[in-house]
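I have placed the structure first, in the form of structure tokens, so that the comments after it can refer back to it.
The values are calculated or read from the model by the stated rules, or taken from the named source; none is laboratory data. Keep in mind the model is a prediction, meaning the values are calculated, not measured. Glycine also receives a Cβ, built like all others from the backbone with ideal geometry; neighbour counts cover every protein chain displayed. Just so you know, the surface numbers come from the protein's heavy atoms only, side chains and all, with ligands and any DNA or RNA stripped out. Shrake-Rupley method; radii C 1.70, N 1.55, O 1.52, S 1.80 Å.
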Amino acid sequence: MYKKIIAGFLIFATSALFGMSLDQLNSASKVELMEVKGIGATKAEAIIAERQNGKFTSFDDFQRVKGIGAKAALNVKEYVK
């Protein structure tokens, strides 16, 4: 039980320190997306909805999400490794 808790914490700490990969963004939950600077609940929901039209293959793909422009896409690019 303790090993699972410690492993979960280490995974969380690693992703918080080093960001998440593009693949992780394609599967991130609303809460995880909201950890990215500039993404609140509404934008996170819009990202999740847009993913249903196809995975994001690059950071520029985020601009196809309603409410996300060049500045928000840049924030995501800087956050995601």
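Would you point out the residue of the stretch 36-54, among those that are in contact (Cβ under 8 Å) with a residue 24 or more places away in the chain and in contact with a Phe, Trp or Tyr (Cβ under 8 Å, 6 or more places away or on another chain), that is most open to solvent (accessible area, probe 1.4 Å)?
The qualifying residue most open to solvent (accessible area, probe 1.4 Å) is 37.
Is it the case that residue 57 is in a helix (DSSP H, G or I), of a type in the set (S, T, N, Q), modelled with pLDDT of 80 or more and open to solvent by 90 Å² or more (accessible area, probe 1.4 Å)?
No.
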